[in-house]
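The values are calculated or read from the model by the stated rules, or taken from the named source; none is laboratory data. These figures come from a predicted structure and were not determined experimentally. Counting neighbours? That spans all protein chains shown, and the Cβs are built from the backbone with ideal geometry, glycine included. With ligands, DNA and RNA removed, areas are computed over all heavy atoms of the protein, side chains included. Shrake-Rupley method; radii C 1.70, N 1.55, O 1.52, S 1.80 Å.
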Amino acid sequence: MVAAFSISYGRMHRRDFLRTSGLGIVGLAVDAGPLDARAQAEPIIDIHQHVGYTGRADEALIAHQRAMGATMTVLLPAGRSVNRPSTHDGVANGLQAQCLGNEACCQLAQAHKGSFTFGANEVPDLPDARTVIETYLRRGAAIIAEQKFGVECDSPEMQKIYRLAEEHRVPVLMHWQFEMYNYGFERFHRMLEKYPRVNFIGHAQTWWGHIDKNHTDQTVMYPKGQVTRGGLTDRYLADYPNMYGDLSAGSGLNALTRDEGFTRDFLVRHQDKLLFGSDCTDTAGTGDGCLGAQIIAAVRRLAADKRIERKLLYDNASRVLRM
């Protein structure tokens, strides 16, 4: 199943195998019925979803999250659509997946306050990026995300974002993808040290590839096989109190399932640093057709005990996003 999530390096949409599913749904109600007893007893915060994801309708998104068991969902906006080097001349517009922007996320969250909240985002090297992001932080955004642009991770433009996060006490979620988004992963420790009061959340292919000490070919986006402890991501999580990991997407599921012996220990060691996200574009919300559902199932199977499971699916996000 994981192989279906692979992308051709650099230019294709992530998880585009389901890119049209949101348009073909028939008879799906906005209210998918009351949450089942397990969801009520064991709430789940999904820190990573998108409005308009590959064309998915709002009604399908709402029903998807309810079916998956998410009791609170964070909607992460795209920045403005512009053609410039930081967006790879428009390739990164809509987060490279037709995702909608700040206002769409804010409005949907405000219409469903008990189940959704939202983030704030902008292309970081636009002159008014700080002003735009701050506008939505003042309206209640819980996070700056998803920062997915072709910029150096320690550039002056990105450091303006980090300072803004520090001022408003919100985390920053970054999509790490070698030579495509957020360059200089190996230097990021400098930012973790310079901004110790900012909580950073790592996500995507390069972030999860680097759980393995032997991840030397960074062009491999979804590495397979045995994992050797001590990779750069593993060390960032261990060494920096302000570094966290987002379990979402095909990259997160691949990391959880490629070497389950390693994963069991990894979840114990980093039980306070990992947050559940789905970042899936399907309309199913359950079973093998839904990335988020598969990630939840993997967490429940591989967590050493119920206490750790609850941290990964709810407690850590509640604490880091101050929910």
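Over the chain, DSSP H runs of length four or greater, each weighted -39,500 (n - 2.57), average out per residue to a 222 nm ellipticity of -9000 deg cm²/dmol. Structure remark: mean-square fluctuation, Gaussian network model of the chain, C-alpha springs under 10 Å; the largest value among Asn214, Asn254, Asn242 belongs to Asn214.
Using every Cα-Cα pair within the range 179-323, state what percent have a distance larger than 28 Å. Spell out each step's value before the answer.
Values: 1411 of 10440 pairs.
Percent of Cα pairs beyond 28 Å in the range 179-323: 14.
The Glu103 and Ala297 beta-carbon pair, evaluated with R₀ = 25 Å, returns a calculated FRET efficiency of approximately 0.15. Ellipsoid fit via the Cα gyration tensor, the range 195-260: semi-axes of 20, 13, 10 Å, each the root of five times an eigenvalue, largest first. Computed from the alpha carbon atoms alone, the convex hull of the range 66-155 holds 101 Å³ per residue.
Dipole orientation for the range 241-323: of the candidates Thr257, Val299, Gly287, Val299 has the Cα lying most toward the positive pole (charges on Cβ; Lys, Arg +1; Asp, Glu -1).
Which value, in debye to the nearest 20, gives the size of the charge dipole of the chain about its Cα centre, when Lys and Arg are +1 and Asp and Glu are -1 at the Cβ? Could you put the intermediate results ahead of the total?
Values: 37 positive and 37 negative charges, 107 e Å.
Computed about the Cα centre, the dipole is about 520 debye.
Principal axis analysis of the Cα atoms in the range 102-215 yields extents of 46, 28, 24 Å, listed in decreasing size. Take the range 41-113, drop everything but the C-alpha atoms, weight them equally and run the Debye formula without solvent; then report log10 I(q)/I(0) at 0.18, 0.19 Å⁻¹ to two decimals. Computed log10 I(q)/I(0) values: -0.70, -0.76.
Size descriptor for the range 111-169, Kirkwood hydrodynamic radius: 11.9 Å (Cα pairs only, one decimal).
Surface listing: Arg80, Arg310, Arg229 arranged by accessible area from highest to lowest gives Arg229, Arg80, Arg310, probe 1.4 Å. Taking all protein chains as shown and a probe of 1.4 angstrom, Ser251 keeps an accessible surface of around 10 Å².
Using a Förster distance of 35 angstrom, determine the FRET efficiency expected from the C-beta separation of Ala304 and His112, and round it to 0.05.
Values: r = 34 Å, r/R0 = 0.98.
The value I calculate is 0.55.
With semi-axes defined as the square roots of five times the eigenvalues of the C-alpha gyration tensor, the equivalent ellipsoid of the range 154-237 measures 25, 13, 10 Å, largest first. Radius of gyration (Cα atoms) of the chain, expressed as a multiple of 2.2 N^0.38 Å: 0.90. GNM on the chain, C-alpha springs below 10 Å: top fluctuator among Met191, Met221, Met72? Most flexible of the set in this elastic network: Met191. Taking the chain as the region of interest, the number of lysine pairs whose Cα atoms are within less than 27 Å, with members eight or more places apart or on different chains, is 20.
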